[in-house]
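Quick notes on the structure that follows.
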Amino acid sequence: MRKSKKIIAVVLSLVLAFSFSFMGNKAKAAQVFYNNTEGSDGAYTYVLWKDYGETSMTVNGNGQFECWWQNIGNALFREGVKFDCTKKYQQIGNITINYGVDYQPNGNSYLCVYGWTRNPLVEYYIVESWGSWRPPGASSKGTITVDGGTYEVYQTTRYNQPSIDGDTTFQQYWSVRTSKRTSGTITVTDHFKAWEQMGMQMGNLYEASLNIEGYQSSGWANVYQNTVTVGGSSNSGNNYNGGNNYNGGNNGGNSNGVQNSDGSGSSAPGTNQGTVFECESMTKSGQYTGNISSPFSGVALYANNDALSTTVNFSSGTHDFTLRGASDGSNLAQVDLVIGNQTKGTFYFGDANTAEYTIKNVSTGTGNQTVKLVVTSDDGTWDAFADALIIGGSGVSGSGSSGSTGGNNSGNNNSGNNWNNNNNWNNNNNNNNNNNNSGTASSATVKQAEDMTKSGQYTGNINSPFSGVALYANNDAVSYTQYFSEGTHDFTLRGASNNSQMAKVDLVIGNQTKGTFYFGDANAAEYTIKNVSHGTGNQTVKLVVTADDGNWDAFIDYLSISGAGTVQNENGANAGNTYNANNNASGNTGNTNTINPNGKMIALTFDDGPSATTTGQILDILDRYGVKATFFLIGQNINEGTRAVMQRQNSAGHELANHSYTHSDMTRMSWGSIQDEINRTNNLIKQYTGQTPKFFRPPYISINNTMYQAIDLAFVQGAMLTDWDNGTSVNQRVNNALNAARDGQIIMLHDFEGNNQTVQALPQIIEGLRNQGYQLVTLSELFQYKGKNANQEYKIWSNVFD
């Protein structure tokens, strides 16, 4: 019997709104499909289609699904909204999808929005990420900017191929993102509008679904977010540039219709998320205020009292405000934020490079408020250029104050809106503390300044206005080593000046200055330099003062790195904390050591927990050495008494796996009893931590074919150190571990209550393995870095190279 491995369970939620939302149905038992099928999942429709090969799609109820494929020709797994082909998209209203996917293709595959229209018959794709080949292999018709990302548009023809109307000839429309991402917001309707402006006619809508497609490949995916919203109008800030000056400016002032399921405006994924108000679409006032096309499509504020304003409806009273802009030169440009005639802070831009300045936790009041951007401190030596205002937080909608000039800037490719949130590394559910607070460095790598290496005569720690570091004079600096797997990222520094003078902190990577962070007053704020090009691999990142004139000091809190590439630390997860809008740590603490993807690695694993005492002692040691491990839990040990230690395991970035419910010999059990053991333990782990196990270690390493067929997890053994035997001394445990060491090895230890000799041996094991050059990682990281698929039939792993 063939078994389809299910690597990771999903946490997927969909909200469907036609001027209102369909709430989720009660959870129902999971359904697993191996062959072509279509059905209803509450208000949504799921589809598995393939021509041949091995596939599985698990529909867990309430829109949740996961998929797996191998040896296929072509296979599609999708879930979304079906329409009846009686209306065009303009009649249906705005369609957006907020999504997040753990996407692991091996070969040719797409992660995309997918659907069809009739009259004309069109198959369409909005491709967010892909495997080994970027589709569709045709000549681009041009580029469009939607949701802050750039997409290339294609049109292809399929001749006598399968369709929703049988084998026939039809057109395919494609928007393919120029840089991959696996989470964010897709304003589907804006792609439709752009295509039609390019002459690509849309018909009556049949479907809009989030789709995982494989072609002559293998892989798996976990769609953990997929929120579909239907209704309202579309994003006013998207520009369509196909060489023919297609422009979204005529939509200026429509921000009042840009509503997500929570009533907020259009989202701008990236370093600072929130509702976007394009400056050229605001109401202009002042003697010299005028539109500009460089360095972005925006507005110049040339003198005192030059201003922009719009009316915003706030349903909650505190938000983060980010202004994307620049100065016209090297002098500090200042733009005040005024809400309801009260000045709430000032945005500062110190040079002509486009950047984002964020004022956090601004008290706004509720209801309709006039939001104004105004120059009041011009001394005749600078001009302020403003691109877009981003308001973070839910409950924000615009009133469409203007839009009369919004269509005058056609043909501006990208319009400067490069908000990217691509490939942020959550490492397969090792960090389940995803926060949705807008205005933060969402899923970003965060490095605390006080944890960096300090240099310079006066550099020192401070505790006000935050816990951080003061750079008092030229050459005062902090630095650390960061591993980059790709060469472009966004860098955000949270900091302040010690007074009303402009503080300047240079960003230096690999001995090259990449830009400067500016802070114009003593209020803590964030300054973002976007799309910084740097090398890959280990790089020295340095924050240094070089322009001090004796009138100011720079205070720095943390550096956040996000954007187009992958940033990794020693454990492969986020190299620091993911912070919420109140700057409270909400993610993995991580550590600052880097990992060499080509270096030697070993995975430490622990069986038979959780134990309130022994597991806690193990965690203390792992924390001290900055090591992440994998814990195989017994379901019967999971209860309120061990909740705290499990939450500690989860928050520290350790991986949790399944070691059965009763720790009985499962070769003596029936199929149903085996599945009950696995499901009960999986459900408890998920209930207490949010993690869904991917790995299973059989009790007593006792296995048979019934277990292989009934358990949809990767089977793991490992090098056994006999540390469950009290007769094995501390030194023997250490020597057994060091003698078993080789690249790709899995080492089995135990954290059951009272196993004190393993607690004593663990520091020597860690130090000994590191002295041999091994990097210590979780199981998921071990398989990922070594390029191995853990999902193998009738296979139990002790080393990934076995």
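The values are calculated or read from the model by the stated rules, or taken from the named source; none is laboratory data. No experiment lies behind these values; they were computed from the predicted model shown. Cβ sites come from the backbone with ideal geometry, for glycine too, and all protein chains shown count toward neighbours. To get the accessible areas, we keep the full protein, side chains included, count just its heavy atoms, and leave off ligands, DNA and RNA. Shrake-Rupley method; radii C 1.70, N 1.55, O 1.52, S 1.80 Å.
Within the shell defined by Cβ-Cβ distances under 11 Å, the residues around D751 carry a net charge of -4, with Lys and Arg each +1 and Asp and Glu each -1. Compute, for E640, the solvent-accessible surface of its heavy atoms (probe 1.4 Å) with the complete set of protein chains present, and express it in square angstrom to the nearest 10. So the heavy atoms of E640 present about 120 Å² to solvent.
If you take every residue apart from G142 with its C-beta less than 15 Å away from the C-beta of G142, what net charge results, scoring Lys and Arg +1 and Asp and Glu -1? It works out to a net charge of 0. Ligands, DNA and RNA are left out, and with a 1.4 angstrom probe the accessible area of the stretch 618-659 is 29 Å² per residue.
Over all other residues within a Cβ to Cβ distance under 12 Å of Y688, the charged ones net out to +2, with Lys and Arg as +1 and Asp and Glu as -1.
For the residues R648, R733, a 1.4 Å probe over the protein chains yields an accessible-area ranking, largest first, of R648, R733. When the surface is traced with a 1.4 Å probe over the full set of protein chains, S163 keeps roughly 30 Å² accessible.
Ranking S611, Y700, G626 by Cα position along the charge dipole of the stretch 604-700, where only Lys, Arg, Asp and Glu carry charges on their C-beta atoms, puts G626 farthest toward the positive end.
Site pair Y159 and Q732 shows an inter-label distance of 7.4 nm when each label is modelled 7 Å from Cα along Cα→Cβ. Rounded to the nearest Å, what's the spacing between the alpha carbon centres of the stretch 516-555 and the stretch 181-207? Just the number, please. A separation of 39 Å, based on Cα centres. Extending 7 Å from the Cα toward the beta-carbon at both N368 and D665 defines two label points whose distance is 7.7 nm.
Cα centroid separation, the stretch 364-380 to the stretch 30-88: 49 Å.
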